[in-house]
1. Determine the share of the chain's accessible area contributed by carbon and sulfur atoms, expressed in whole percent, with a 1.4 angstrom probe.
2. Compute the accessible area per residue over the stretch 3-79, keeping the other protein chains in place, probe 1.4 Å, unit Å².
3. Roughly what % antiparallel, to the nearest 5, for the DSSP beta bridges in the chain?
4. Show me the trypsin sites (Lys or Arg not before Pro) within the stretch 86-167 that DSSP assigns to loop and that have at most 13 other Cβ atoms within 10 Å of their Cβ.
5. Can you give the charge dipole size of the stretch 1-81 about its Cα centre, rounded to the nearest 20 debye, using +1 on the beta carbon of Lys and Arg and -1 on the beta carbon of Asp and Glu?
6. Using the alpha-carbon centroid of each, what span in Å lies between the stretch 1-60 and the stretch 213-256?
7. About the Cα centre of the chain, how large is the charge dipole given +1 on each Lys and Arg Cβ and -1 on each Asp and Glu Cβ? Please answer in debye to the nearest 20.
8. Based on alpha-carbon positions alone, could you give the equivalent ellipsoid semi-axes of the chain from the gyration tensor, as √(5λ), descending, whole Å?
Amino acid sequence: MPATGDDYADMAADELEPYHQPFAEAGLVIRPRPWDLGPGDADATLAFFAWGYHTQVDRWLEMLAAWPTGSLLLNPPALLAWNTRKTYLAELEAQGIPIVPSRFGDADQVSVDAAFDQFGVDTLVVKPQISAGSYQTARVSRGDRVEPLAAAIIQPFIASVGEEGELSLFFIDGAFSHAARKVAKAGDFRVQPQFGGVFTPLDPAHEEVALAERVVNALPIAPLYARVDLLRLADGTLALIEVEAIEPDLYPDIDPGVPARLAAAVLAAIAARSDHRRR
């Protein structure tokens, strides 16, 4: 759950509500625990609502580095640490995954002006390499004054975010589970509901599932759960904008079967850990 005293604790508790009964039916009891407290004595820990980690990055990474090997964290600590900084996109691109064109480094007037020319566009999106919920994310047009941002990603603005939308495909226990379409409101570039974005169920095309599967298979550690976000570029091709393996909202309102599938995956992970210890 969010760190101790976090303003989002009550909201996270509400978001957790749909999971209690399906987990109970699987024989699992959910016990909320602020992420900053580290491991407790549970059979498994989900990093599912570790909201706010991006504002306490050093504390977050220290907690993951110190996570005891005998305590089951899902997803695994090494995957969560890898997924924390969005430079993972460059690593995935090196493995052949198409990503939204990205320039990594400090954002200032010089680097942003260079990005306009590099990408051949008149509008860019600038965001921190460690971010969540569009935190410190800005749209910049040619001629705008740039607010300097250290350790940034500079990307071309992709118009499809307000048309076809961002395509989010969810995986549980290695298998495709369900999908959602997230469309930014007119004139905006952020898909989150607090900015007017609209989420609807999505029946993804074969090419969309195939690319998302390639992304999941390219991760350094197999995830128990993950969300893969795709955008269609101006030339009609699909590209990865983000993969979320830390605290993705799985949108159980879109697919009510999600909590039960997640509970089954957690139960299987606990059983696999027990089998490994007996060997």
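1. Solvent-exposed carbon and sulfur of the chain make up 52 percent of the total.
2. Averaged over the residues of the stretch 3-79, the accessible area is 56 Å².
3. 90
4. Arg142, Arg145
5. That gives the stretch 1-81 a dipole magnitude of about 280 debye.
6. Here the answer is 21 Å between Cα centres.
7. Once rounded to the nearest 20, the dipole reads 600 debye.
8. Equivalent ellipsoid semi-axes, largest first: 33, 21, 18 Å.
The values are calculated or read from the model by the stated rules, or taken from the named source; none is laboratory data. Predicted model only: the values in this text are computed from it and were never measured. All Cβ positions, glycine included, derive from the backbone under ideal geometry; neighbour counts span all protein chains shown. Heavy atoms of the whole protein, side chains included, go into the accessibility calculation; ligands, DNA and RNA do not. Shrake-Rupley method; radii C 1.70, N 1.55, O 1.52, S 1.80 Å.
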